[in-house]
1. Counting partner chain Cβ atoms within 10 Å of every residue's Cβ in C:294-303, what's the average?
2. How about C:LYS298: which lysines have a C-alpha closer than 19 Å to its C-alpha, ignoring those fewer than 8 places off in the same chain?
3. Give me the percent relative contact order of the range C:191-275, please, defined on Cα pairs under 8 angstrom at least 6 residues apart.
4. May I ask for the angle, rounded to the nearest 10°, between helix A:72-84 and the longest principal axis of chain A, with both axes built from Cα atoms and the value confined to 0 to 90°?
5. First measure r as the distance between the Cβ atoms of C:LYS252 and D:ASN282, then evaluate 1/(1 + (r/R0)^6) with R0 = 60 Å and state the FRET efficiency to the nearest 0.05.
6. Please work out the C-alpha center-to-center distance from the range B:78-119 to the range B:282-305 and express it in whole Å.
7. First measure r as the distance between the Cβ atoms of B:LYS18 and A:GLN17, then evaluate 1/(1 + (r/R0)^6) with R0 = 22 Å and state the FRET efficiency to the nearest 0.05.
8. Fewest Cβ neighbours within 10 Å first, please rank C:SER16, A:SER294 accordingly.
There are 4 protein chains.
Amino acid sequence: MALSDQQKRDIAELQSQKNSTKRVTSEELEKILYDAIPVLDHGFIRVVDYMGDDSSIVQAARVSYGKGTKKISTDSGLIRYLMRHRHSTPFEMCEIKYHVKLPIFVARQWIRHRTANVNEYSARYSILDKEFYIPAKENLAAQSQINRQGRGQVINGEQADEILNMLKDDAERTYKNYEKMLNEKYDGTVIDEGKAGLARELARMNLTLNSYTQWYWKTDLLNLLNFLFLRADDHAQYEIRAYAEVMLDTVKKWVPVAHSAFLDYRVGAAEISAKGLSIIKNLIDGKKVNFEDSQLSKREWNELMSAINQEKLKV
Amino acid sequence: MALSDQQKRDIAELQSQKNSTKRVTSEELEKILYDAIPVLDHGFIRVVDYMGDDSSIVQAARVSYGKGTKKISTDSGLIRYLMRHRHSTPFEMCEIKYHVKLPIFVARQWIRHRTANVNEYSARYSILDKEFYIPAKENLAAQSQINRQGRGQVINGEQADEILNMLKDDAERTYKNYEKMLNEKYDGTVIDEGKAGLARELARMNLTLNSYTQWYWKTDLLNLLNFLFLRADDHAQYEIRAYAEVMLDTVKKWVPVAHSAFLDYRVGAAEISAKGLSIIKNLIDGKKVNFEDSQLSKREWNELMSAINQEKLKV
Amino acid sequence: MALSDQQKRDIAELQSQKNSTKRVTSEELEKILYDAIPVLDHGFIRVVDYMGDDSSIVQAARVSYGKGTKKISTDSGLIRYLMRHRHSTPFEMCEIKYHVKLPIFVARQWIRHRTANVNEYSARYSILDKEFYIPAKENLAAQSQINRQGRGQVINGEQADEILNMLKDDAERTYKNYEKMLNEKYDGTVIDEGKAGLARELARMNLTLNSYTQWYWKTDLLNLLNFLFLRADDHAQYEIRAYAEVMLDTVKKWVPVAHSAFLDYRVGAAEISAKGLSIIKNLIDGKKVNFEDSQLSKREWNELMSAINQEKLKV
Amino acid sequence: MALSDQQKRDIAELQSQKNSTKRVTSEELEKILYDAIPVLDHGFIRVVDYMGDDSSIVQAARVSYGKGTKKISTDSGLIRYLMRHRHSTPFEMCEIKYHVKLPIFVARQWIRHRTANVNEYSARYSILDKEFYIPAKENLAAQSQINRQGRGQVINGEQADEILNMLKDDAERTYKNYEKMLNEKYDGTVIDEGKAGLARELARMNLTLNSYTQWYWKTDLLNLLNFLFLRADDHAQYEIRAYAEVMLDTVKKWVPVAHSAFLDYRVGAAEISAKGLSIIKNLIDGKKVNFEDSQLSKREWNELMSAINQEKLKV
């Protein structure tokens, strides 16, 4: 993440603001507001605005004036109750806006979450930055042999170097040719005054999917938690998980009670099917159960055993 | 609108908050934050939270750090450009939350706007207030003879009194019977200690559609403007328009530049069809045009003439 | 449910259609297409259109030409896998449209499911039918003493008769006054030729919430299952559950494999929290557990024990 | 567009289906159902399912049994009325599903339309086809000098050849390296038996944005028309417009009356601002108007003059 001096000054200026408001504020989140938190090699996450805090969830649930009872224990109990029973609408009453710099292939996964507002940097208008995601060596994993969607062992040695070189060289070359087509360098210098440049909306097609883009992304707390449930999970691709984990920290600062309930009732929870519950019942009753008689697929059986042992299953 | 003393104290307490924030604030909106602005006979609108201001629209459009250029003329030009060309996503970056007290038949129109977050007072849990909307005499209009969805002349005299009496009596009676079924009065007094009360979720079905309900309603600026375009319009039913007009005032305080662009490019604008544009061209060229040769329906013709003369058509 | 002779003829005509199509068809659903299935005292559900079947879920999951493998066992395995892992988008590829007649207080719960398309009968344009929901005696339940949102014991005897009479009388009276205000009877007869009628959009406010309305409601299979998960559940109000149960039957006819997976992995499943899983582990290991040491609330404890015993908890 | 022999057989088999249904069918659309209509150099559009036709719009608007009046002139009048007045919900009652093969940079614009259901080919699971979009020479336009988002003159001669060569070479090379990283060719051949392949979810990041992907995309008619209004417009990037124009043809086959109303009232229409209407009024009244006194920006003035002359403005 290389912020320009101008960007650093702009952030410093935003952070020096001290406005007076009658709105509820989240003290811990205010402390990191506008900060550019690094993610991956050139990316970042910034919280740039928010609305509401834990008390807004309670207020909506009570649809009443004021803050209702002020005993935090009670408010906390209510939030935990709402989370447990999937009473979802009160969590929609909090809103947050992020500024994110991320590789395009990550952006393509992210955008599938439709209930959000997005303004992305447009490569029809402007030239993209000369920045590409190159994985760190420890993240250079082989295709999993057991899960078509996962990663296996880390690739080492010469093969790793070859791969990293290919990624770097191809990104560099396609970017250089992007500039040639545009007849303009990323800093605005015209390359050949005698030539026209290719339309930006066309030239961009030569870039590789690890090029960085950026956007403002705004959503409500309910949809953010749904996003994090999927994307901060072990099954998510490492690169988007890196963003999700940073965002989960910002949720903790923003709405600590909702965050804690989310960990207990969603992240740490398991959904057990009807057949799975029968097997659990038999286990508790001291009966013997085994895969062969379970009517479960091998995969389901493994998932059930993992849930009982509260292990995240590596599939 | 009869706020209880407790409610008044709660509002006063909320308004006495003075939190420090690094977020942008809207000074004019802060002044009326939490205020209960009366609408109809017992309803109100309260702005209870918001996020962003005009500068947030600009910031999203620029997807850049800081505030971009600070010349307001330029920011204003950009917002007007966005509004004119229906570049909608930057307007989604501002969010507002209202607390509204409104008759159920108005709530039923309102809820059709799906892109919003809602927490409504639940008559499954709690007893509804003893408040009904009774129109003022000047709003007691006859069915329009020319528009199946509109109002005609005001009904006066004895017939008006009869109607108002029916509305009042029926609301009173059905509410009294609601209490009887519940075996509980609206203030919590049990009517007959020896009896069970009917489940609230059932008893409520006896109430009339002019009973008041209330909700928190949260949406982004784009969807709010779409709501106001339809509901602050002359063709909207008077009762929902009364709410929309108050909300339009809050938009003016919140995002004055977007508000002004909205009036010019949406509210005051007209969409002219391909055939309509041909007729306008002929008119400008001094050619004669008339309804018979226009290929328009009578209604389309009238709408076109009204647009040209910038009269709101009363249909 | 009183269909007019005209309506019966219209339905018969629709059902006599025999169109040829290259689209996939659901044979069992075709058999009941357009049928008016009775719900409550005057309501109904009709399936009026649909798109896709179980194979469409599979096709989308495979994003491939043709039907992929034709072994149904494999297709069924894929659908069960998708359901178990909440891979939701393939279920969005099927669409269904219902015509529903339902009491307004039920419609108000129903409409909260926002991801659907709706066209409702408009009481601004037209006069509502003279039909009200009056509960059957066995559904006349008292307010639950333990759950603020539930029903307790059935109310019997004289009190039941009183309640039913109030409901009937009030609905009749308010409807009669609705006609008086309109100066028009529900069959179109003008009452007093010398008078104007009150605008329909105003007169409707005098109706009670058990008046019947109707709408076309269209949604995709994913959102339909989410609706049914909540509304066919024991915790849902009986009156909306009556509709959900009929719809669940139509789902069985339409997409039998998805329906069966839904019963196993959603309806019959339980979500067990992190703490709940620990308790289960202890139980299986033969350790003693009790409420006092569980760190659960009483309600959570009860819910956990019910899940283990696969009892639906009556709260 | 190179369909494999297997794909051609699958399509032929789908098209040979002859199912009987009571649903409404669209005869013209049935004729092209499942056809792969070529777009750009390797892309295609296929209509793979649909629900409803023009009569479904009418039916929803009438919320009545049967088809209402059968005089097509009346049905057509109603659809035109709905389109003109932006009564949008009846158009949501028709649904269509496309199978689309398209370059990734086009997919990134397309996906911004959120109200749709999508299942995309996953490059986490599977290897992407070896196909890239290379523009035809006549579409190789320079960056517009007057519009930051547009295209100017076509680039010819040597410079064009250079650009095309860069696009081809870079796509070929990055794809070859993609295969090397995967240690697997696009046809499934393992390259070096002694090596592991890089995880697919990682290797894909080396591909360029003109690589082709494919998806099922399903939406309702209202949202489809909104998509086409923006994407079949002159201001849209040529490459997405190529898809939109083919889709507009499928709309004509599917719902001819709605299609015609769409052309008249949306595509051929112009939205004239309050100030623009004043100027038109003055023009009709024979008064002189000029840019200097108009209070419009230069761009607004040009847009107004273009609208009056029904010319699409090239900006």
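Derivation of every value follows stated rules applied to the coordinates shown; laboratory data play no part. Please read all numbers here as calculations on a predicted model, not as lab measurements. Here the Cβ is made from the backbone with ideal geometry for all residues, glycine too, and neighbour counts use every protein chain on show.
1. Details: counts 0, 0, 0, 4, 0, 3, 4, 0, 0, 2.
Mean shielding by partner chains, rounded to a whole number: 1.
2. Excluding near neighbours in sequence, the set is C:LYS275, C:LYS288, C:LYS312, C:LYS314.
3. In percent, rounded to a whole number, it is 17.
4. It works out to around 80 degrees.
5. Numbers: r = 66 Å, r/R0 = 1.11.
Rounded to the nearest 0.05, the efficiency is 0.35.
6. 35 Å
7. Values: r = 16 Å, r/R0 = 0.71.
Step by step, r from the Cβ atoms, then E = 0.90.
8. Working: C:SER16 9, A:SER294 17.
Ordered from fewest to most neighbouring Cβ atoms within 10 Å, C:SER16, A:SER294 come out as C:SER16, A:SER294.
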